[in-house]
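Take a look at the structure below.
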Amino acid sequence: FDQLDGEIWLNGRFVPWADAKVHVLTHGLHYASSVFEGERAYGGVIFKLTEHTERLVESGRILGFEIPYTVAEIDAACNETLARQGFSDAYIRPVAWRGSEMMGVSAQHNRINLAIAVWDWPSYFDPAEKLKGIRLDMARYRRPDPATAPSKSKAAGLYMICTLCKHEAEAKGYADALMLDWRGRVAEATGANIFFVRDGELHTPVPDAFLDGITRRTVIDLARARGLTVNERVIMPEEMESFEQCFLTGTAAEVTPVSEIGPYRFAVGEIATTMMNDYARAVRPETASIAAE
Ligand code: PMP
């Protein structure tokens, strides 16, 4: 991945893709003092760019650091990087981290670096599998208590357990894994939020220990605009037995139907498909107004 073509925005200037490097004694690498975003551009426009940038800045503040650029400057840098890469549909990855000036748990004065890379990432899950509904494993690890970890930050350190769970799921032939929270409630997948459907209503867990995804909020708005009821509430795993449909939401995953979670089965039904199509319209500048009607 470090040999792609093009340029990466690194601390205010563009560098050739292969030269965008950090030192091995980078604090972010050793102690996970790193936060990031995942954004998508459709038709040359980054969907909800400023919301993503604000979350990035807030993620850094939660880890105790200030990214040395304003939201407007970061927005402009994302747009410029996208334009330079020449894609109209693309994935955008800003990442901020503490540098290599001091080594040790404490690194109060290390420089805060920011990089932005843009690449072509058409589908997070296999497109054929997505249409049939993807299969999820039950994850080994749980989302931590907010008193244990800064769970509202999109912090690299919180993804350690996500990668472990996803790898384990993939090794067993699943596309992803469903993580419970520390209380044993249904939480989210390893990089996406989760929704269920029963009797024409949507049900999704309260995001008190994981990211309240931008896609999640968009889908809630789109569903309510259609007159659908959305229940944000506590969902225990046993209740999955009674749900008819299920889907994941995330910037990379978009809206992805789920057919299976451990012992539970779901249909790729009308509401999951409708939300998938509504979201696909809402993200594209040329069809966004239709989706909002
Ligand atoms: N949860 C996790 C763990 C994620 O990585 C993501 C993707 N950023 C989400 C939820 C969904 O967030 P969003 O819709 O803002 O992309």
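Please treat every number below as a calculation from the coordinates, not as lab data. Computed from a predicted model, the values in this text were never measured in an experiment. Cβ atoms come from the backbone with ideal geometry, glycine included; neighbour counts cover every protein chain shown.
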For segment 236-289, listing GluC sites (Glu not before Pro) in a DSSP loop whose Cβ sees at most 14 other Cβ atoms within 10 Å gives GLU286
Residues whose built amide H sits under 5 Å from the amide H of GLU7, excluding neighbours closer than 5 in sequence, are TRP17
All alpha-carbon distances of segment 127-292, grouped into 5 Å bins from 0, give the whole-percent distribution 2, 9, 19, 23, 21, 15, 8, 3, 0
To the nearest 20 debye, the chain has a Cα-centred charge dipole, built from +1 on Lys and Arg Cβ and -1 on Asp and Glu Cβ, of 460
In units of 2.2 N^0.38 Å, the Cα radius of gyration of the chain is 1.01
Helix-only [θ] at 222 nm, the chain, -39500 (n - 2.57) per DSSP H run of 4+, per residue, nearest 500, equals -8500 deg cm²/dmol
Reduced to Cα centres, the span from segment 135-189 to segment 200-239 in Å works out to 18
Amide H proximity to ASP145 below 5 Å, modelled H, separation 5+ or other chain, gives TRP182
The Kirkwood hydrodynamic radius of segment 7-119, taken as the inverse of the mean 1/r over all distinct Cα pairs, in Å, comes to 14.3
Number of Lys pairs in the chain closer than 29 Å at Cα, excluding neighbours under 8 places apart unless interchain, is 18
For segment 121-150, listing chymotrypsin sites (Phe, Trp or Tyr not before Pro) in a DSSP loop whose Cβ sees at most 16 other Cβ atoms within 10 Å gives TYR141
Using alpha carbon centers only, segment 256-276 is separated from segment 11-86 by a whole-angstrom value of 33
Residues meeting the amide H criterion for ILE134 (H placed from the backbone, H to H distance under 5 Å, 5 or more places apart or on another chain) are VAL258, SER259
Whole-Hz Karplus couplings 3J(HN,Hα) for segment 253-265, θ = phi - 60° and coefficients 6.51, -1.76, 1.60, Gly and Pro as x, run 6, 6, 10, 10, x, 10, 9, 7, 9, x, x, 9, 10
Residue by residue through segment 57-74, the couplings from Karplus 6.51 cos²θ - 1.76 cosθ + 1.60 with θ = phi - 60°, in Hz, x for Gly and Pro, are 4, 5, 4, x, 4, 4, 7, x, 9, 10, 5, x, 9, 7, 4, 5, 5, 5
